Every structure is written in structure tokens, then in C-alpha cells.
Amino acid sequence: MARNAIYMGPRLKRVRRDLGLTQANMAADLEISPSYVALMERNQRPVTAELLLKLAKTYRIDIADLADDEGEETAARLQALLKEPIFADIDLPALDIADIATSYPGFAEALIRLHTAFEEEQLELAQRREIASGGDAGALAPDPVTEARNFLAARRNCFPALDDSASELAQEVSGLDAMIERIETRHRLRVRFVDPEVILGAQRFHDVHREQVFVSQLLEHSSRKFQLALQLGLLEAEKEVEAALADGRFASDNARRLARRALVTYWAAALIMPYRPFVRAARKSRHDIEALCREFGASFEQVAHRLTTLQKPGEEGVPFFFIRIDRAGNVSKRLDGAGFPFARHGGGCPLWSVHHSFSTPRQIVPQKLELPDGQRFFSIARTVTSGGGSWHAPRAMRAVALACAEEHAPLLVYADGMENTEPTPIGVACHLCHRPHCVARSAPPIGRDMRPDNYRDTGVPFAFAGD
């Protein structure tokens, strides 16, 4: 393919169809043969500069309209995809990738979808291997939570189409009052803040018959905004959400429902924290979460959650992993925007500060981490509280943690002064961690024989043969 040739087959076909023309009609207008039009649309002939000008003049269209608006984004998505180790031995210059994205957008999209399906399959296989290794064969039945998490993880918890949709609306709707006005004027629904007993303890209730949206008056300001953003997502983003779901593979309706709820939540967060302004603010503040909370009127958990979604091709932020646990160590939310090894089953290591943060409520605890294979990360952890709002209202305290690869730590304000701090050795889970001298171990690792230790007590819960 000549570098100076302009191949624009799909765009030419789009213009012709938008004008309601056949190939013969266009050929007659441009004084060329129908076969030449067909060859150009199949990218078997370039569009010359002379023909491009004639096209614009004949149909009174701006040459810019012939540009492929998605070409740059598709090229960026391909560029990110082709950085995977499986493609390491293939020489693919950026210019070639741009040519493919521009001239063969259908092929580029097919490759991206195929790779996404491959990622989902790998996540599912890893999950099955882990379960099989633990001997729990019954757990091989479809798990909707795992399916939904794999759907998000395979896409690195980033959905550019949802970001674009929410950002567009955010230009018109900013703040609680604007959201209320949008719901009431556009959707003819009255918004009311009421005692939660009126809506049976719910946080939000859309009463379709009475054309009202009830929101608990016990919610703080950021939570009220988020609930109304969710309502707007349900009312206005159905097309974008369904398009994202159509790209997934779900073995059960429950998994699809969970994924759909996650996508609506994603859209709501993108409305309150639009992609580009949020990325700029995150970089400027060096990812100071409390500062971002004040700037966008969001809660600590909402901002931490949003930070995991900043992987839009060409506009990437720091890749973060997010986890939320309760005091018993139960994981209630796990989001991966980085592909970390503990994204699927990690979080249970008692040496990780996310478990210690309950002793220092609402204080951010930074920590350097090192996995058994030598990989290093930087994390912060803090408790968050949900519920409350009155003396008798139930409350729940959980801990959330954000982690990124060590190389990104200098971009975080929390890493200041920790340059010489030694990392804490942790494992993704005791049965997968082969550190022999860990006093916090709760289970032996898979594949290691136990040492009898009949004559001495080393103080280690599980001693391994050969150590």
C-alpha cells in the first residue's frame, strides 16, 4: 500500500448511502465508471485528490465530513491491544496500525472483539483452574458474580462509548439541581426526597404509575447526586448500555443483570466525573482522592472507583486495581483497570493494609507491596461508611484499597517520602503463596508437602518440606 495513497472505501460507501445513491448514480455524477466506484469502496483503488475535491463540490459536502471520526480511537485501541506479549515478535509499526484502522475499520473492530473474547476465555479458564486445584468441583457451576467480573476485567473496566455518552450530557447537566430539572422537564417525573420508610427502606424508587422518583432524604449530598445520575442512566443510556452488553458472553441471566447494573453505575459515575476533566484533575492533583472528592462533589469510594476506569485508548490514566472488603474479609467489589495478578482471587492476605485500616477509620494508609514473584505495587487503603443519616439508621463500615504498579507510584501524592521504604511481602492468597516463613499464613500452599517438625516448633503455622 502506497503511503501517500488515500484509501477510504468504508467512508466513501457511507457517504454514498447517506445520499441515497447507487454506485451507478455516483459514477455518473463523478464521470467515472461504476466499476471504479466499486473498487474504491473495496479499497482496491485509492481516492485521488482531484476526485476528492470533485466529490465535495458535486454533493456540496465538507471534505472533513469524509473523515472517519472513529479512526483515531480505533487505531489507539489496536495499538493498546497489539502491546500484548502474544504479539511481541510481530513488527507492526504505528503507521501500519493507523492504515488498518482507517482503511479497514471492519477488520480492526473484528480483531478487537476477538481479542476481548479471548481475554474473557482466559479469565474463565484461570477461575476454573483455581477452583479445580482447590478441589471444589461443585463450584464449577456458572457463577454470575464471576461472570460479571470477568466481563468487566476483559475490558479493563473501561467503556469509551459510555464515557462519551455521559460526557455529552454532563455539558448540559452539572450538579444536583440540574439533574432534578432534567428528570422533571425531559422525563416528566417529579423528584422527591422522602423518609426511607415511605419507600420501604430503599435509597431510590421510581414509581412508574405515579410518575415520581423518590430518593431517601437520609443520603448525603454526593449519594443523592449519584442516585439521580443512576436514574438518568436508566432513562437515557439504555442504547449504549445494551450495545456494551451485546459484546459480552453470559451463561446466565443473572450474570447479564449484574453486568448491566455495573454498566449503568459506570455511566452514572461518568456523568458526575466526566472523563477528560476528571483525568486532567487527577493528574494535576497527583491523584489526591480527597481533593477530587471536593472538586466533583463525589464520595471517596466513588472517586476511587472512577480512577479504575481511566483506560480510554490514547487518553489513559494510571491503571488501578480496586477492592472493597468488610471486617470479615468478604470481598463485595473488585474492579481491575490494570490486569493485576490478584484481580481475580486476591485481597485475602492479612499483611495488606486494607485489613489494618479498620483500626484507623477514615485515615488513608499507604503501603508498598511485593508479591512472591517479585512484582511490586503501591497501594492506599481507607475505610468508608455506607448507610446512616440518623441515629437509628443502620451503618456499614468497609475498607477500600487502590493499587497500581510500582512504576506509577511517583504519580501519586501518597508516595511522597516513601522512596526508601521496604515493600511488605504479601501473597494473592495463602493457598497460592509459597513464602515459607510467613507467620500470618492461614493455609498451606497447593503442591507443597508439610514437614512433620516432631522435634522443634519454628513458630510458623505451616512448615514445608525442603525449607
Where does each of 171-183, 307-319 land if you order them by average Cβ count within 10 Å, highest first? 307-319, 171-183
Where Rh denotes the Kirkwood radius from the mean inverse Cα pair distance, what is Rg over Rh for region 284-416? 0.96
Could I have the simple spin-label model distance between residue 113 and residue 261, label points 7 Å from Cα toward Cβ, reported in nm to one decimal? 2.8
Express in nm, to one decimal, how much length is gained between residue 294 and residue 396 on full extension, taking 0.36 nm for each residue of separation and deducting their alpha carbon distance. 34.4 nm
Test of understanding: extend the Cα→C-beta vector of residue 418 to 7 Å, then name every residue of region 390-406 with backbone N under 15 Å from that spot. 400-406
FRET efficiency estimate (nearest 0.05) - Cβ-Cβ, residue 211 to residue 360, R0 35 angstrom: 0.15
Taking a threshold of 24 Å on the Cα-Cα distance, which of the pairs 83/239; 225/333; 239/284; 13/312; 13/57 fall above it? 83/239; 239/284; 13/312
Once you order the gyration tensor axes a ≥ b ≥ c over the Cα atoms, which shape class does region 249-313 get: rounded for a/c under 1.5, otherwise prolate or oblate by comparing a/b with b/c? prolate
May I ask you to compute the full-extension gain from residue 172 to residue 17, defined as 0.36 nm times their residue separation minus their alpha-carbon distance, rounded to one decimal in nm? 52.6 nm
Give me the extension gain from residue 30 to residue 61: residue separation times 0.36 nm, minus the current Cα-Cα distance, reported in nm with one decimal. 9.8 nm
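Taken together, the values in this text are just the output of simple stated rules run on the coordinates, not laboratory data. Since this is a predicted model, take the numbers as computed values, not measurements. Because the Cβ atoms are built from the backbone with ideal geometry, glycine has one as well, and the counts that use them run over all protein chains shown.
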